[in-house]
1. Could you check the stretch 127-151 and list, in sequence order, the residues that are under 22 Å from Gly185 (Cα atoms), at pLDDT below 85 and either of a type in the set (D, E, K, R) or in contact with a Pro (Cβ under 6 Å, 6 or more places away or on another chain) (or both)?
2. Surrounded by 13 or more Cβ atoms within 10 Å (Cβ to Cβ) and either modelled with pLDDT under 85 or in a loop (DSSP other than H, G, I, E, B) (or both): is that true of Ile124 in this structure?
3. Of the residues Leu154, Leu116, only one is open to solvent by less than 60 Å² (accessible area, probe 1.4 Å), on the phi < 0 side of the Ramachandran plot and assigned to a loop (DSSP other than H, G, I, E, B); which?
4. Which condition breaks for Arg39 when tested against (1) part of a helix (DSSP H, G or I); (2) farther than 27 Å from Trp168 by Cα?
5. Residue by residue through the stretch 30-65, note down the ones that are surrounded by fewer than 20 Cβ atoms within 10 Å (Cβ to Cβ), at pLDDT 85 or above and of a type in the set (Ser, Thr, Tyr).
6. Checking the conditions here, which among Arg39, Arg11 is among the basic types (Lys, Arg), under 28 Å from Val123 (Cβ atoms) and in contact (Cβ under 8 Å) with a residue 60 or more places away in the chain?
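The values are calculated or read from the model by the stated rules, or taken from the named source; none is laboratory data. In this text, all values refer to a predicted model and were calculated from it rather than measured experimentally. Cβ sites come from the backbone with ideal geometry, for glycine too, and all protein chains shown count toward neighbours. Side chains are part of the model used for accessible areas, which takes the heavy atoms of the whole protein and leaves out ligands, DNA and RNA. Shrake-Rupley method; radii C 1.70, N 1.55, O 1.52, S 1.80 Å.
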Amino acid sequence: MNLPNILTISRIVMVLIFVVLATLANVGWVDAHWIFTMRLTAYALAILAGATDLLDGYLARRWNQVTDFGALMDPLADKIFVTATMLIAVEYRLMPAWIAVAVLCREFMVTGLRTLAAKKQVVISADRWGKLKTALQMVMLAIAGASWVWEFDLYSEKWFHIRLWYVWNAYLWGIVLVTVLSGLGYFIRFRHLFLHTDEKSEN
């Protein structure tokens, strides 16, 4: 149980605490004085969990501590993080549900492709599109979380006489476009993994 693996496990724990706090902040019996503190704590945990996503893989490679446990749990922790934060964002109407569906479908489809690749001893590393997708999603969740904590409405507020609704929706559409294209790129580049026909079956 090295440090990168501990960071991976801590990411899952922080996400679970984030979900509990975000849920409690939306129930009627919680004192109003505690709601801001709970939201701010949940937001800080989500930011910290996102930071460990970048840190654990970097440390594992740098210190040569890549393990089977880490290879299994790191992508699972990533999916738990993305799923939990996006579903909370949908619950609080910070984004449409179809945005979350599009992003999560891509995530699980690429995970399935990576699982198939691992069975065939092929490693699928994140490309530039995948890294751009992750960066855009992190910024999206940071903006949505900030609007939730400090209660400014992305759909009605105006900056420089421009409704944030237009800017926010354009950004969400851009994320969906990059997300779909990045996932499609993996399936095109590694199509031989699922289109290849075994010679024995042909005979």
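1. Result: Asp127, Lys131.
2. Working: surrounded by 13 or more Cβ atoms within 10 Å (Cβ to Cβ): yes; either modelled with pLDDT under 85 or in a loop (DSSP other than H, G, I, E, B) (or both): yes.
Yes: the conditions hold for Ile124.
3. Numbers: Leu116 fails: assigned to a loop (DSSP other than H, G, I, E, B).
Every option except Leu154 fails the conditions.
4. (2)
5. Thr37, Thr41
6. On the way: Arg39 fails: under 28 Å from Val123 (Cβ atoms).
Only one candidate qualifies: Arg11.
A quick yes/no check of all residues on (1) within 17 Å of Tyr92 (Cα to Cα); (2) open to solvent by less than 90 Å² (accessible area, probe 1.4 Å); (3) more than 14 Å from the chain's Cα centre (by Cα):
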| position | (1), (2), (3) |
| --- | --- |
| Thr134 | no, yes, no |
| Val149 | yes, yes, yes |
| His192 | no, no, yes |
| Leu195 | no, no, yes |
